[in-house]
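Throughout, read-outs are computed from the coordinates displayed, never taken from laboratory work. What you see is a predicted model; the values in this text were computed from it and never measured. Positions of Cβ are backbone-derived with ideal geometry, glycine not excepted, and every protein chain shown enters the neighbour counts.
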Ligand code: IPE
Ligand code: IPE
Ligand code: MG
């Protein structure tokens, strides 16, 4: 039996298949406590664990978390270095528990641009969970939406050049099959924490018809109740996909 919060009763038959989070506000959360920004990033990893386990219990099929954008390299090297060490901290603390809960770890983005140790660690986490059949926990790591679309376009161009496809055969499904999210369910719900109302280059193609929720709370303060609240709000929305509800 999945947990319920009485303020946010959920219809367990209409749980979003795929939720994407822009995990924002770690730095401000730490600053408010007179702590270094990195402490906020450390605390933020706990939220990932909590939400992934609860989303899994609710039957969510995939949860994508924006962990590092292609633009985040603009930050101080010390902060970037710290973020690249977080996968080790996260897996040391939680991989065993995630495996016990049947969670599958995945990644989208330019993992190859991370330090070798970080790459190896994430690949090992993916390998150890590859056969799990529970929620897919997808880390968008060194990820950019525009970059992803350009990369997909290049793959399509190679297919055309090699005669694998005719230009006339290229449709949305074909194009989407070249994106880093190929095979994942459509994103039903996108949530951004910290009171910023923008996408910051996240999943530009995939969010076309997703429901958006912007919460003021900083990411380290997100918890199970907040997840239930977001799904509750989602369940009150009427999705039309361009059509008309009669
Ligand atoms: C989100 O928190 C985490 C990353 C972008 C890596 P921030 O680090 O952006 O925190 P704020 O927005 O500065 O508070
Ligand atoms: C978006 O947050 C990227 C991640 C959460 C990883 P940012 O904090 O980098 O976004 P901006 O700079 O406020 O748009
Ligand atoms: Mg931010």
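The relative contact order of the stretch 144-221 comes to 34 percent, based on Cα pairs under 8 Å that sit 6 or more residues apart.
Site pair residue 28 and residue 177 shows an inter-label distance of 4.3 nm when each label is modelled 7 Å from Cα along Cα→Cβ. Modelled spin labels at residue 13 and residue 216, positioned 7 Å past Cα toward Cβ, are 3.6 nm from each other.
Mean separation of Cα pairs under 8 Å and 6+ residues apart, divided by the residue count of the stretch 75-183: what relative contact order is that in percent?
Details: 96 pairs, mean separation 29.2, N = 109.
27 percent.
With the highest mean first, a sort of the peptides 231-238, 2-9 on other beta-carbon atoms found within 10 angstrom per residue produces 231-238, 2-9. Using 0.36 nm per residue and subtracting the Cα-Cα separation, the extra length available between residue 238 and residue 50 on full extension is 64.9 nm. The distance separating the Cα centre of the stretch 68-92 from that of the stretch 150-173 comes to 34 Å. Across the chain, Cα pairs under 8 Å and at least six residues apart give a relative contact order of 30 percent.
The stretch between residue 79 and residue 186 holds 35.3 nm of extra length on full extension. This uses 0.36 nm per residue minus the Cα-Cα distance. In a fully extended conformation the segment linking residue 120 and residue 204 would gain 27.5 nm over its present Cα-Cα distance, using 0.36 nm per residue.
What FRET efficiency do you get for residue 88 and residue 130 if R0 is 22 Å and r is their Cβ-Cβ distance, rounded to the nearest 0.05? List each step's numbers first, then the result.
Working: r = 19 Å, r/R0 = 0.88.
Approximately 0.70, to the nearest 0.05.
Convex hull over the alpha-carbon atoms of the chain: what's its volume per residue in Å³? Don't skip to the end; give the middle numbers.
Values: hull volume 36.9 nm³, N = 246.
Expressed per residue, the convex hull around the Cα atoms of the chain is 150 Å³.
At a Förster radius of 51 Å, what calculated FRET efficiency corresponds to the Cβ-Cβ distance of residue 35 and residue 162, to the nearest 0.05? It would help to have the intermediate numbers written out before the result.
Details: r = 53 Å, r/R0 = 1.04.
Efficiency for this residue pair is about 0.45.
Select from 164, 61, 178 the residue whose mean-square fluctuation is largest in a Gaussian network model of the chain (Cα-Cα springs shorter than 10 Å). Result: 164 has the largest fluctuation of those listed.
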